[in-house]
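First comes the structure, then the notes that go with it.
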Amino acid sequence: MYSDIVDLREFYISPLGQVVRRLLRARLRNIWPNVKGERVLALGYGTPLLRPWLGEAEALVAMMPAAQGVAYWPREGPNISALVDVDDLPLADSSIDRAILIHALEGAPEASGMLREIWRVLKSGGRILMMVPNRRGIWAHSDRTPFGTGQPYSAFQIKDTLRDHGFLVDRTWRALYMPPSQSRLWHSLADALEKGGEKLFPGFGGLLVMEAGKQIYAPLAAKTRLTRHRLVLPLPIPATGPVPAGRMAESA
């Protein structure tokens, strides 16, 4: 089940949401430091992370699931957000360089259609970045944030899911080591906890962050095509010596 657009907006306006937005933006910028001249798609609710890329990417679009709702963004310029069917994205084949999924996969009733569409619209060598609730983290077990809604995942589940849909995971991180609390004390410690938690408790971050590349496979038909070959048998070699008289009479 997807989070409602109103709940998502209210969360990222809250003090805790602002801390989360800052931490995830820093994480994203560290992973993809430069998107100049590239086409970037954010699927789910990615607008809190996209502002640093406004004016940098060649094209930037935020697509939000119909079951979630959509919000106009950015407020100060032309709208780049759209309401879509995640199983049928209004994009051409091989038209996107990078895709970010946040507040997306965990809410989808069935992930296959969404990932097939992402694979379709990504260019050869395109990159996908997944941000999903970590099953082992405390954020997935708290209903105070949108990360407690939907289906959390383990690292093995995400890797298997991506591999089954034509993606190869290159790098994995965890994020959000602070507790999902509105306490200002925890907010003030967020940066230190993010750095220390990744070293001391690498498996317990609130989010799994995975970067994967699109794989291109040879057509299945090329591997299973059956070919027919004629079976050529040698003909008898004709006799070169004199033909016996009886045999000559028979042949006459």
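Flag set for LEU60, criterion: in a strand (DSSP E or B), open to solvent by 10 Å² or more (accessible area, probe 1.4 Å) and either over 25 Å from THR161 (Cβ atoms) or in contact with a helix residue (DSSP H, G or I) (Cβ under 9 Å, 6 or more places away or on another chain) (or both). Criterion first (out of contact with any helix residue (DSSP H, G or I) (no Cβ under 6 Å at 6 or more places or on another chain) and modelled with pLDDT under 95) does LEU105 satisfy it? The answer is no for LEU105.
For the subset of region 117-152 comprising residues that are open to solvent by 30 Å² or more (accessible area, probe 1.4 Å) and modelled with pLDDT of 95 or more, which member is farthest from the chain's Cα centre (by Cα)? Among residues in region 117-152 that are open to solvent by 30 Å² or more (accessible area, probe 1.4 Å) and modelled with pLDDT of 95 or more, the one farthest from the chain's Cα centre (by Cα) is LYS123. LEU91 passes every criterion in (1) over 21 Å from GLY150 (Cβ atoms); (2) in a loop (DSSP other than H, G, I, E, B); (3) more than 17 Å from the chain's Cα centre (by Cα); (4) among the hydrophobic types (A, V, I, L, M, F, W, C) apart from (3). When the helices (runs of 4 or more DSSP H) confined to region 131-212 are screened for residues that are closer than 21 Å to ARG25 by Cβ and acidic (Asp, Glu), those reaching at least 1 such residues are found at 190-200.
The values are calculated or read from the model by the stated rules, or taken from the named source; none is laboratory data. These numbers were taken from a predicted model, which means no experiment stands behind them. Methodologically, a virtual Cβ is constructed for each residue, glycine included, from the backbone with ideal geometry; neighbour enumeration extends over all protein chains shown. With ligands, DNA and RNA removed, areas are computed over all heavy atoms of the protein, side chains included. Shrake-Rupley method; radii C 1.70, N 1.55, O 1.52, S 1.80 Å.
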